[in-house]
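The values are calculated or read from the model by the stated rules, or taken from the named source; none is laboratory data. Nothing here was measured: the structure is a model prediction, and the numbers come from that model. Cβ placement follows ideal geometry from the backbone for every residue including glycine, while neighbour counts extend to all protein chains displayed. Accessible surface is based on the protein model in full, side chains and every heavy atom, while ligands, DNA and RNA are left aside. Shrake-Rupley method; radii C 1.70, N 1.55, O 1.52, S 1.80 Å.
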Amino acid sequence: MRLEIGNKVAVLDDVLKGIVVAIDGNSITIETEDGMLFKFAENELVKIEADQYELSKFSDINNPLLKEKISDSKSKKSLFTKTKNEVILEVDLHINQLVKSTRGLDNYDMLNLQLSTAKRKIEYAISKRISKIVFIHGVGEGVLRAELTSLLNRYPVKYYDASYKKYGLGATEVYIYQNVN
């Protein structure tokens, strides 16, 4: 994929996106929405085809595309998976799954949002007597995983790496001890 001046791009390992304003060999300069210029190698960028507002048209409940998606959603995977008469709550803690835009959020805010989501889901599972939760947190630098471990130590739970075959390296499975009445 060759990038050209004027292409909308996103940075692969960062929350930056912008427009290509200069190309010098393998070095590409992008300008963000707030006018900042950054240089990246071409392999660090990905071309964006549809803007967020294009993707958000599915939020209009009368949109025919949404109705088509709903009719096709019968095959869509549920938030809960059921295996061997056991309900497992799957929670994706990736920040782009929790908020529409990370604009205005720094790393501290994003981490706190992810941890408060995890805490809410743990307390929900305890109240609804769900025995297993899988937190999908990704690999990254391990900050979220370490904070999640610290959070889990405050609850009556046992946790371990989730199935590598199903989730890869970036997931933690939590078993919640429930009192049987």
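What about I130, is it among the hydrophobic types (A, V, I, L, M, F, W, C), modelled with pLDDT under 90 and open to solvent by less than 30 Å² (accessible area, probe 1.4 Å)? Here the answer is yes, as I130 does meet what is asked. Pairing each residue of segment 2-16 that is touching a residue at least 40 places away in the same chain (Cβ under 8 Å) with any residue that is loosely packed, with under 11 Cβ neighbours inside 10 Å, provided the two are 6+ apart or on different chains, yields C-beta distances under 8 Å for K8/D51. Looking at segment 2-13 only, could you name the residues that are more than 15 Å from E49 (Cβ to Cβ), open to solvent by 80 Å² or more (accessible area, probe 1.4 Å) and within 24 Å of the chain's Cα centre (by Cα)? L12, D13, listed by residue number.
Filtered by the rule that a residue be open to solvent by 40 Å² or more (accessible area, probe 1.4 Å) and either touching a helix residue (DSSP H, G or I) at 6+ places or on another chain (Cβ under 7 Å) or not in a loop (DSSP other than H, G, I, E, B) (or both), segment 137-154 gives V143, R145, A146, E147, T149, S150.
Quick check, is Y159 surrounded by 10 or more Cβ atoms within 10 Å (Cβ to Cβ), outside any loop (DSSP other than H, G, I, E, B) and out of contact with any helix residue (DSSP H, G or I) (no Cβ under 8 Å at 6 or more places or on another chain)? So Y159 fails the test. Here segment 72-106 is the region considered, the condition is being open to solvent by 80 Å² or more (accessible area, probe 1.4 Å), under 19 Å from A125 (Cβ atoms) and part of a loop (DSSP other than H, G, I, E, B), and the residue that is modelled with the lowest pLDDT is K77.
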